[in-house]
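Working notes, structure below.
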Amino acid sequence: MDQFLAFTVVGLSTAAIYAVIGSGLVLTHTTAGVFNFAHGAAGMLAAFAYWQLAVGWGWPVPLALAAVLLVLAPAFGLFVERVLMRPVQALGEAERLVMTVALLTGCIALARWVWDPNTPRPLTPFFADEPALRLGPAAVTWHQAVTMAVALAVAGGLWFLLHRTRAGTEMRASVDDRALAGLTGADPLRAGRLAWVLGIQLAAVGGILIAPTVALDAQQLSLLIVSAYTAAVFGRLRSLPLTFLGAIAVGLLEAYLAGYLPQNDYLPGLRLAAPALLLLLALLAFPHRRLPGRDRRLVPVALPARRGALLLAGGILALALLLVTVLSQDALISYGAIFALGVIALSYVPLAGYAGQVSLCQWSIAGIGAVAWGHLGAHGELWALPVAVLGCAAVGALIALPALRLSGIYLALGTAAFAVVLDRWIFTLPAFDLLGVRIALFDQGSVSVTGPDLFGLHLTTPAQLLVLAAVCLALASLGVAALRRGRFGRRLIALRDSEAAYATLGGRLLGAKVAVFALSAAIAGLGGALYGMQLQTVTAEQFNLVAGLPIFLIAVIAGLGHVGAGLFAGVAFVVPTQALGELGAWAQDLSALLIALAGMGLAHSPSGVIARFRIEWAPLARDRLLLGALGAVLAGCWLLAALGATDGRLLLGVALATAVALRSRAAARQQAPAELPLEWWGVSRPWRPEDGEVLSRATAAG
């Protein structure tokens, strides 16, 4: 009994932290209409800032707390509201969701960049020198008591603010109809600012309270928000009392699992994955009403032309040939992942771009493809590759079943929870037998991955694997383009526009969702297998939720409705990462930070940068003379680089400068001439027969 009470006290103190963080999440959602995926990351940054002030610089604890909670946290909240969220407020729910995912990625990258993750940073609990309080046989530390008292104070303060003050009423009214709230004298902008400031402050409070009990790690602290997600979903993203009840359930569950879960090789990960499993169950069990402030401002999905798809596939193969003939063996190892990562990014196009189903577990499915190929194709058996792909398709179909009840942020939450369950529990399991079949994943270590045997040739060199990945990306891109032009592609667009209308007109939601989830998972699994071949050895840590967010963001930046998003994502992820890596260890996280910053600029180009590129480069594509000149210059640069006549970077600069100059020239040549004044007709240009009538009308009108 004494042990049970001790675990209960620990669970309640943890639940208090989850309640504080979850309350901030509910506050932001109910007042600003935004589900903030970066809520935990804001608390993580606050914990690091508090450590820097109180421990790193030796500030007094009260002064450090005041600086973080009263200065830094409100300033960060104002920055998020004014710079990031206000520009996308007029866009759809998906765009606002992507913005918070970009903020999450950026916060983790920033923390790793500023604070070396290899340096331990312990934090002392509050009042650690004071003797513990006794509640019968159970002992309650002062830190635990302070945590629970803060949670109760937050609950009372938020209820009073939202239901007994004009500011609270203004905040709740603004999300339902900002224009109508403005007509009644409310200020929606002021309400949004207040919501973000209070929400970030609550995240900061939770981050500082939990930091002394866990390692001060950017990724770990940011993903603690999964438990707060569960509490918020218990409250259906709008009820503070139910959010506190959900937090108590999560905290006690974690504590009891830590104390009473049997000790073996299979169950330790279950305790870590328990909040994510509970989140999945809550999402499936509770009904979800229409989200406040939700709208349907959908970005049109372009219909890819056959000629354009063929040019894209040819460009992929040409780029592969260029890399193989120009780069050294070491460089091929560094840049060889371009096409494999492109295949994984391409899996978002049919799922999120065509069908509108936001999934955050594609990277984890790619991990399944990599480990399945590693085990089944250990000796290069080619048959193992389609088997691994089909296995990933089966996983995707399994995910589609609960997706029938989920959409929007709920679907994103569900797939994120699935990814957390995989990397915290399933991927950590040792080999086991199921119905007489031996199943092995990462087997608590690493898995060696080799290339396949193709037509009697065992593909093992970086050049061979790069060409194989490029061929797969080219074929997959052609297939996705053909899908969009076909009947099933049109059905997916209809499903994206309105699931209710799609079902009303006779569409089968189950069949469509299972098919598109299975297809996208198969593509991701193929990309994961190809990526594993490039790496040669894969571990579970390489395929966790956070590791896959940059690829997702780059695909969104490119434009999820464009088939070229795969190639764009591969190039945009690998090239800057390798280029910045040459600057030193300090720049390793800089590429992820830059990707996050680019994702935060989504409001300026919601259709994606590929659409903008097509518009800007269309004049050059239509000018055959200048296009031929560009081709000749590129061919000359490639030949010089292949022969080693000069530095490859110089030739790359020459090629890019030539392309930009020819694009500007083509745009100038195709620009419509400015209209001349009437008095210059017949002088600056020849007189036309119809000019007389136009001149007569202008004179009569004058």
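The values are calculated or read from the model by the stated rules, or taken from the named source; none is laboratory data. Just so you know, these numbers come straight off a predicted model, no measurement behind them. In this analysis, Cβ positions are derived from the backbone assuming ideal geometry, glycine residues included, and neighbour counts consider all displayed protein chains. Accessible surface areas use protein heavy atoms only, side chains included; no ligands, DNA or RNA. Shrake-Rupley method; radii C 1.70, N 1.55, O 1.52, S 1.80 Å.
So the values come out like this:
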| read-out | value |
| --- | --- |
| Packing-based ranking, highest mean first, of 441-454, 52-65, 521-534 given that Cβ atoms within 10 Å are counted | 521-534, 441-454, 52-65 |
| Given 11 as the ceiling on other Cβ atoms within 10 Å, longest exposed-site-free region of the chain for GluC sites (Glu not before Pro) in DSSP loops | 1-581 |
| Two-site label geometry, R487 and L475: point separation in nm, points 7 Å out along Cα→Cβ | 2.6 |
| Estimated dipole of the chain in Debye, rounded to 20 [Cβ of Lys and Arg +1, of Asp and Glu -1, Cα centre] | 2040 |
| On Cα atoms only, tilt of 268-285 relative to the major axis of the chain in degrees | 70 |
| Scattering curve values for the range 499-605, log₁₀ I(q)/I(0), Debye with Cα scatterers, q = 0.21 Å⁻¹ | -1.27 |
| Percentage of interatomic Cα-Cα distances in the chain larger than 48 Å | 23 |
| 0 to 90° range, to nearest 10: angle between helix 362-376 axis and the chain longest Cα axis | 90 |
| Summed residue charge, Cβ within 14 Å of L519's Cβ, Lys/Arg positive, Asp/Glu negative | +3 |
| Debye log10 I(q)/I(0) for the range 69-134, one point scatterer per Cα, at q = 0.21 Å⁻¹ | -0.98 |
| R0 of 51 Å, Cβ-Cβ distance A128-S607: FRET efficiency to nearest 0.05 | 0.40 |
| Rg in Å to one decimal, and Dmax rounded to a whole Å, for the range 183-274 via C-alpha atoms | 17.1, 63 |
| 19 Å reach of a label modelled at V55, 7 Å along Cα-to-Cβ, counting backbone N of the range 219-257 | 219-224 |
| Cβ-Cβ FRET estimate between V83 and A621, R0 fixed at 35 Å, reported to 0.05 | 0.50 |
| Förster-model FRET efficiency, 30 Å R0, L639 and L311, C-beta, rounded to 0.05 | 0.85 |
| For H562, solvent-accessible area (1.4 Å; no DNA, RNA or ligand), Å² | 30 |
